[in-house]
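Below: the structure, in structure tokens.
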Amino acid sequence: MAGAGQPGPRLPAGRRRGWVRYWVLLAVAAVALAGGVATDVITMRTFSVPTDSMDNTVRAGDVVMASTTAPVRRGAVVVEEQPGDGDHVRRVIALPGDHVACCDAAGRVTVSGIALHETYLPRGTVPSRTRFSATVPRGKLWLMGDNRGIAYDSRVTGPVAAHVVGTVFLILRSGHLIFGHPSPVFTAAGLAPAGQPVPPGLIGTAVALAGLIAAVGLAIIGAVAAARRSRPPRRRGPAD
């Protein structure tokens, strides 16, 4: 009989290898969870929308998620920050060097002579009741709200030197997720590329979720296996 100070019986080699694999998988799941969360924190910002100036695309009370790494493109819905004026959600209509004007003979906004068929505007909304014509200087953007009847935007301020915090890629509305896509208005006009890279924040969320599910599952499996291992061996009755 082994003394009190002696170690207990060693696990069979097969079981030892199984436990090594288990701890390796658990470590991988933990790294995936931590890495995914870190990616979200670094590359994604979340904002609550206070006004209807971007209705119907984004409504008051919506929560938007914006990628801080996405390039600023024509047609993109962005969260922009102006000193002393807080954050606003606006659509990028024109970039530095573009000539933006309203209105052409059909009442449309034009960017470098290309007319925009702005299907994202609320029904019955005209592109602009204010006429304008400007070339966007270096370091500035021409930003407009989709709800042109109430939006305070570049039609009033002119091109703005706004700091773009991020490009909106996901909208949370009344418990529903709405994915943002490049506007076909600008891609059809040749003013923006047809596709866009998957936001790192979206990848980070998926990786973190997978890591969390794997970690929880492995923890349950490990707890069950440890409980079985700690049970005393079942005694056999006398032989018949």
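The values are calculated or read from the model by the stated rules, or taken from the named source; none is laboratory data. This one's a predicted model, so the numbers in the text were calculated from it and none came from an experiment. Neighbour counts are summed over all protein chains in view; Cβ atoms, including those assigned to glycine, are modelled from backbone coordinates with ideal geometry.
Of all the helices (runs of 4 or more DSSP H) wholly in the stretch 134-240, which have at least 3 residues that are modelled with pLDDT under 85 and surrounded by fewer than 19 Cβ atoms within 10 Å (Cβ to Cβ)?
Working: elements: 154-157, 184-188, 200-230.
So the answer is 200-230.
Taking the stretch 87-99, which residues are over 17 Å from Val77 (Cβ atoms) and part of a strand (DSSP E or B)? Steps first, please.
Just the residues of the stretch 87-99 that are over 17 Å from Val77 (Cβ atoms), to begin with: 96-99.
Within the stretch 87-99, just His99 meets the criteria.
Given the conditions (1) without any contact (Cβ under 8 Å) to a residue 12 or more places away in the chain; (2) closer than 28 Å to Val31 by Cβ, and given that Ile178 satisfies all but one, which numbered condition is not satisfied?
(2)
Kindly evaluate Ala29 against the criterion of being within 21 Å of Leu202 (Cβ to Cβ), among the small types (Gly, Ala, Ser), touching a helix residue (DSSP H, G or I) at 6+ places or on another chain (Cβ under 7 Å) and in contact (Cβ under 8 Å) with a residue 12 or more places away in the chain.
Details: within 21 Å of Leu202 (Cβ to Cβ): yes; among the small types (Gly, Ala, Ser): yes; touching a helix residue (DSSP H, G or I) at 6+ places or on another chain (Cβ under 7 Å): yes; in contact (Cβ under 8 Å) with a residue 12 or more places away in the chain: yes.
Considered against the rule, which asks whether it is within 21 Å of Leu202 (Cβ to Cβ), among the small types (Gly, Ala, Ser), touching a helix residue (DSSP H, G or I) at 6+ places or on another chain (Cβ under 7 Å) and in contact (Cβ under 8 Å) with a residue 12 or more places away in the chain, Ala29 comes out as yes.
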